[in-house]
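None of the figures in this text is laboratory data; all of them are computed from the coordinates on show. As the structure is a prediction and not an experimental result, all values here were calculated from the model. Neighbour counts are summed over all protein chains in view; Cβ atoms, including those assigned to glycine, are modelled from backbone coordinates with ideal geometry.
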Amino acid sequence: MASLKTRAASDIKGVNAEPLSGRSMQHFFSAAEEESFLYPHAFSVDFNKRAEFDAGDLSTTQINAKIRELMSDGNGTVVVQNPMAKHSLGVGILNRLQLYFEGSLGYFGCGLIDGPNVRIKGRVGWSCGENMLAGTVIIDKNAGSCFGAAIRGGDLVCMGDVGGRTGIDQKGGTIIVGGRTGAFSAFMMQRGRMIVLGDAGNNLGDSMYDGIIYVGGNVESLGVDAVDAEMTDHDVVWLTRKLRNYGLDAPRGIANMRKIVAGKQLWNYDNLEPAEKKIVL
Amino acid sequence: MQQQPKTGAGRKGKSADQPELQTGQHVGYRYDVNLLPDYSRLTPFLKRYLEIMGWDDLNWLEDVHLGYEEGRAAIFDRNLNGWVTVPDSIVLPDNQQDRDMLARELLIRFQMSQRNPLVALKDAYDKR
């Protein structure tokens, strides 16, 4: 077998030979670091430097590469014309950026983003903002199913209605729905906040482990281990601030919204007796 | 705030395991993971960070709280999937809202540092 003649960068830097035992993040950390507000590898962009391009004849890969190229040139505001509902647009952006889509997106739009503020002047398909880490995404019209699937942070806002399984496996962040949401919303939610200003479908918060759901309209039914909780003044203050950021308000007033949390019966599911499991389920 | 005996992440210590072993129940967190931030307690550093990012509130940092790892104050860093210990020299505030703000500021300082361990890993393994 021919032997490799080139050495990987990791070999040259000694990463592979470095002893791992006894290592701790603490060794790297100093609270007196000089102030930096951007990731070390982030592009330095200026929000006042604006660029736009027509995506009509470009493929998904070309569009995403173009956005990256514009960021590397220092453009802090990028406008994408004619996205034509293509899938997986605006994904994996780990940078501060003002990004505008002048039209609808297909499936898995704006997933895995960490930092940008995105505005979509149209609709989105399934799983918009999936695994989103930070930033804001605002959709002017409706969204499909699995809106914000496995989201970990940031604000994901749909001004219209969304489909079923909204925020499935949500691990953080805030999902805001201006209209209605479908069945099994907040399914297996683990942390974070979901705000639905309209009605919610069947089995809201089914098998949720933690997190908070606020609903402004009617709830068709709650799922397993989702229970009502008392709205506090702090909830109202936080909701007022959050909704104001996006020009939204609760139709019956914020103080009258319904708050739903985990009953935490499923936290110890393995230890429950069969009879107890029947009660929970 | 009710102080629970330990974090979900710090289960390796023998003493920390005792309540769970004895009761057969998961005990929970030492802090309220659902606590909503009090914006009157924002630090100047965090205000500057939000301004640079173009956000009107704490955004993803709303989910960051000061936790505990092996009995020491620590912050969970999702990028590393590990806990970053708070230096002993830092005095912790006496309430969770201020502790959480401190945690948010320290986490940003750590993640954005040129000495962050992910910088070396990116240099070594990044696809070019």
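Summary of computed values
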quantity	calculated
Segments A:147-153, A:49-55, A:260-266 sorted - mean Cβ within 10 Å per residue, highest first	A:147-153, A:260-266, A:49-55
Exposure proxy ranking, count of Cβ atoms within 10 Å, fewest first, for B:Glu51, A:Glu230	A:Glu230, B:Glu51
Separation in nanometres of the label points that stand 7 Å from Cα toward Cβ, at A:Asn82 and A:Ser44	3.6
Positive minus negative residues near B:Asp56 (Lys, Arg vs Asp, Glu; Cβ under 11 Å)	0
Radius 14 Å from Cβ of A:Leu133, net charge of other residues (Lys, Arg +1; Asp, Glu -1)	-1
Cross-link pairs A:Lys171/B:Lys122; A:Lys264/B:Lys122; A:Lys49/B:Lys122; A:Lys259/B:Lys122; A:Lys264/B:Lys47; B:Lys47/B:Lys122 - those with Cα-Cα distance over 31 Å	A:Lys264/B:Lys122; A:Lys259/B:Lys122; A:Lys264/B:Lys47
Dipole magnitude of the range B:34-125, debye to nearest 20 (Cβ charges: Lys/Arg +1, Asp/Glu -1, about Cα centre)	320
Label-point separation, A:Arg68 to A:Gln265 (7 Å along Cα→Cβ), nm	4.8
Shape call, the range A:137-246: gyration tensor on alpha carbons, a/c limit 1.5	rounded
